[in-house]
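A short worksheet on the structure shown next.
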Amino acid sequence: MNDFVKIVEVGARDGLQNEKSVIEFNQRLEFLNLLVRSGFKSIEVGSCVSPRWVPQMDNSTALYAALEKPEQVSFSLLVPNMKGLEAAIEAGCKEVAIFTAASESFAQKNINCSIQESFERFKPMFDVAKQHGIQVRGYVSCVVDCPYEGAIAPEKAARVAKQLFDLGCYEISLGETIGTASPVRVRKMLQHCLNVLPVDRVAGHFHDTYGMAIANISESLEQGLRIFDSSIAGLGGCPYAKGASGNVATEDLVYLLEQSGFQTGIDLSAMLKAGHYIASVLQRENQSHFVKAHTAKLLD
Ligand code: HMG
Ligand code: MG
């Protein structure tokens, strides 16, 4: 058994992009530095998207420039188009993530173009990324359900994922954007995707709206996945997926993995500190079940 699981910490991007208020630059920076010290090997810093669309992610390149960057950690920026990629390059970033969807309506709402048009935007970006030695990760949103279209055919999710992979993405993150899927449907979707993609290049990205994320990750582990995206304190959501709650809480993911015999490389107490910090900045309870139980025990 391959017993190491890669966690991509997306709280500073997927988490903070969905906050009503814009979090101060220094607080985003402190949060990111606490994540770095928690032992994550992959951290999404923010997005180079239109500040009119997602004002919360403004100044992400300055954030990238300012944070502690140990060599062994990979930091990425989410980019929707060439303009975003150029901004990431200028900041010196070595990894970007592009994003499209398995649902036409979601693509229109989120990135203002069709799925096909998103691929037209992406194509020239790969040459530029290659020239600058930049790795490109790819997200497919709505791999099971869409907030506008309902159920998405697993064949469609697999087709879009494969197209991103063939373009040159080194890893494909399958986004269960609205957190409505349960394990049987996730299995079906994964079986289609794993027919066309190598399992070690596929990541699970589960939101937890219906409380199914941990069950879906368990199913994904059964199907052979060893890469998962998560957000400290269960932060997150997409501004263009109304009602969807945060990503699976990283603390719960780490608990599941370590209890199941996997290694994560995460320093538990440093991770708890990062979660505590961002929950106090947001003046919100940490959404992790593990943290709630752990805190209750300490107060007992
Ligand atoms: P558009 O309006 O069609 O773009 O938006 P445009 O090319 O016509 O440009 C319009 C204006 O935006 C121009 O400015 C551009 O310069 C500017 P103006 O001349 O009007 O002042 N612009 C930019 N500014 C900064 N950075 C850029 C950029 N590009 C254009 N890169 C666009 C198209 C894609 C830009 C817009 O729709 C957008 O920014 N969308 C981002 C939406 C987003 O960030 N959503 C959340 C992330 S995805 C997610 O959460 C899902 C995920 O977690 C997986 C899952 O859970 O499913 C990944
Ligand atoms: Mg997401």
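The values are calculated or read from the model by the stated rules, or taken from the named source; none is laboratory data. Just so it is clear, the model here is predicted, and its values are computed rather than measured. For neighbour counting, all protein chains shown are included, and Cβ atoms are generated from backbone atoms with ideal geometry for every residue, glycine included. Surface accessibility is based on the protein's heavy atoms, side chains included, excluding ligands, DNA and RNA. Shrake-Rupley method; radii C 1.70, N 1.55, O 1.52, S 1.80 Å.
Using amide H atoms built in the peptide plane, which far-off residues or other-chain residues are under 5 Å from GLU171 H to H?
Answer set, sorted by chain and number: GLY138.
Considering only protein heavy atoms, with the full assembly of protein chains and a 1.4 angstrom probe, order ASP127, ASP3 by accessible area, largest first.
Sorted by accessible area, descending: ASP127, ASP3.
Of GLY265, GLY236, GLY246, which is the most mobile in a GNM of the chain whose springs link Cα atoms less than 10 angstrom apart?
It is GLY265.
Quickly estimate the mean residue ellipticity at 222 nm for the chain, helices only: each DSSP H run with n ≥ 4 gives -39500 (n - 2.57), and the total goes over all residues, rounded to 500.
It comes out at -13500 deg cm²/dmol, rounded to the nearest 500.
Sort 162-169, 147-154 for me by packing, meaning the mean count of neighbouring Cβ atoms within 10 Å per residue, highest on top.
Listed from highest to lowest mean packing, they are 162-169, 147-154.
Only bridges whose two residues both fall in the range 6-299 count here: according to DSSP, what percent of them are antiparallel, nearest 5?
Of the beta bridges lying entirely in the range 6-299, close to 10 percent run antiparallel.
Which value, to two decimals, describes the C-alpha radius of gyration of the range 217-300 once divided by 2.2 N^0.38 Å?
Its radius of gyration relative to the 2.2 N^0.38 Å reference: 1.15.
Averaged per residue, what accessible area in Å² does the range 6-299 show with a 1.4 Å probe, protein chains only?
Heavy-atom SASA per residue in the range 6-299 reads 42 Å².
I want to verify a result. In a Gaussian network model of the chain, Cα cutoff 10 Å, which of these has the top mean-square fluctuation: ASN216, ASN195, ASN286?
ASN195
For the chain, just give the cysteines left without a disulfide-compatible partner, judged by no other Cys Cβ under 4.7 Å.
CYS48, CYS93, CYS113, CYS169, CYS193, CYS238
Going 7 Å from the Cα of LYS83 toward and past its Cβ, which residues in the range 121-143 have a backbone nitrogen under 20 Å from where you end up?
Once the point is set 7 Å along Cα→Cβ of LYS83, 121-129 turn out to lie under 20 Å by backbone N, inside the range 121-143.
Carbon and sulfur atoms: what percent of the 1.4 Å accessible area of the chain do they account for?
The computed percentage sits at 50.
Provide the percentage of antiparallel DSSP beta bridges, counting only those with both residues in the range 164-300; round to the nearest 5.
Of the beta bridges lying entirely in the range 164-300, close to 10 percent run antiparallel.
Return an integer: the convex hull volume of the alpha-carbon atoms of the chain, in Å³ per residue.
Per residue, the Cα convex hull of the chain comes to 117 Å³.
From the backbone phi of the range 122-132, what are the Karplus-calculated ³J(HN,Hα) couplings (6.51 cos²θ - 1.76 cosθ + 1.60, θ = phi - 60°) in whole Hz, Gly and Pro given as x?
For the range 122-132, the Karplus curve yields 6, 3, x, 5, 5, 5, 5, 4, 4, 4, 9 Hz.
Could you list which residues have their amide H under 5 Å from that of GLY46, counting only those 5 or more apart in sequence or on another chain, with H placed in the peptide plane?
When sequence neighbours closer than 5 places are left aside, the close amide H contacts are LEU78.
Which residue fluctuates most in the GNM of the chain (Cα springs below 10 Å): GLU71, GLU86, GLU104?
Its mean-square fluctuation being the largest, the pick is GLU71.
Quick check of the Kirkwood formula: for the range 50-121, what is the inverse mean of 1/r over all pairs of different Cα atoms, in Å?
13.3 Å
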